[in-house]
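Encoded as C-alpha cells, the structure appears first; notes follow it.
The values are calculated or read from the model by the stated rules, or taken from the named source; none is laboratory data. Note that this is a predicted model, so its numbers are computed, not measured. All Cβ positions, glycine included, derive from the backbone under ideal geometry; neighbour counts span all protein chains shown.
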Amino acid sequence: MGSKERRGREKKELRQVILDAARELFLKQGYENVSMRKIANQIEYSPTTIYLHFKDKVDLLHCLCHETLSQLVKAFAALSQDMKDPVNCLRKGLRVYIEFGLKYPDHYKVTFILHPDHVDQPGQEIYEQTAAISEEAFGFLRLIVAECVRRKKFRKVDVETTSQAIWSAAHGVTSLLIAHHEFPWVEKNKLIDHLIEMLIKGLKA
C-alpha cells in the first residue's frame, strides 16, 4: 500500500472514530450539551482536527443520520428486487426495519429519536443529502404499499397516509423495545410478527 492510500485509509478511519464518539456523547449528554471540543477530548485530538472533517456539530449529526439511513436503504434495496409478492415484500421490509433498529439501537436513536428541529437547515448540503436519503428510505415503503393497492392485494386506500401510518407503527414498536427493557414484553419475535400481520390484515382487500 502506497503512502497516499495509507493516508486515505487513516483519514477515513479517523472520520469514523469522530462519528462514533459524537454518537456516544449525543446519547449520553444530549445534543445540546455536546460541543466540538468535548468530542475532540473524547478521542484525545484537538478541536482543529475535528473541523478538518466536519464543518460543525450540525454537520456531524446529519452525517450520523446519513450513515444510518444509507445502511437501511441498502438493506431495503435487496428486498425491492423481488416484487412478485408485494405483500410479502412489505412483511419482510417491516421486519428488516425493526430488526435494524434493535441491532443498532444507538444509530436508531440518533437518527429517529434524537434530532433537534433547529438542525434542519435547508441550504446546507449535508442536510439536503440527509433529506434525500430519508425520502429514499421512506419511498421504499410507499412504493410497496402502492403496488399492493395496484394489484388489489390491499383495499383502495390513500397510499401516503397508509405508508405513514405503517411506519409510525413500526417505529413505535422499535422505539419501545429499545427504550423499555423493563416492560414484561412477550417474546420479541412473536410481538413483531403479530404487529406486522395485524397491519397487513387490516389493509387486505
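In summary, residue 102 fulfils each of the numbered conditions (1) modelled with pLDDT of 95 or more; (2) buried (at least 19 other Cβ atoms within 10 Å of the Cβ) with the single exception of condition (2).
For segment 63-76, the criterion of a residue being assigned by TED's automatic domain parsing to the domain that holds residue 169 and over 13 Å from the mean Cα position of the chain (by Cα) is satisfied by no position. Those residues that are more than 23 Å from the chain's Cα centre (by Cα), surrounded by 13 or more Cβ atoms within 10 Å (Cβ to Cβ) and part of a helix (DSSP H, G or I), I need them from segment 37-48; list them, please. The answer is 38, 40, 41, 42, 43, 47.
In segment 73-82, the condition of being loosely packed, with under 15 Cβ neighbours inside 10 Å, hydrophobic (A, V, I, L, M, F, W, C) and in contact with a Phe, Trp or Tyr (Cβ under 9 Å, 6 or more places away or on another chain) is met by at least one residue.
Out of the residues in segment 79-90 that are in a helix (DSSP H, G or I) and at pLDDT 85 or above, which is nearest to residue 135 (Cα to Cα)? So the residue we want is 90.
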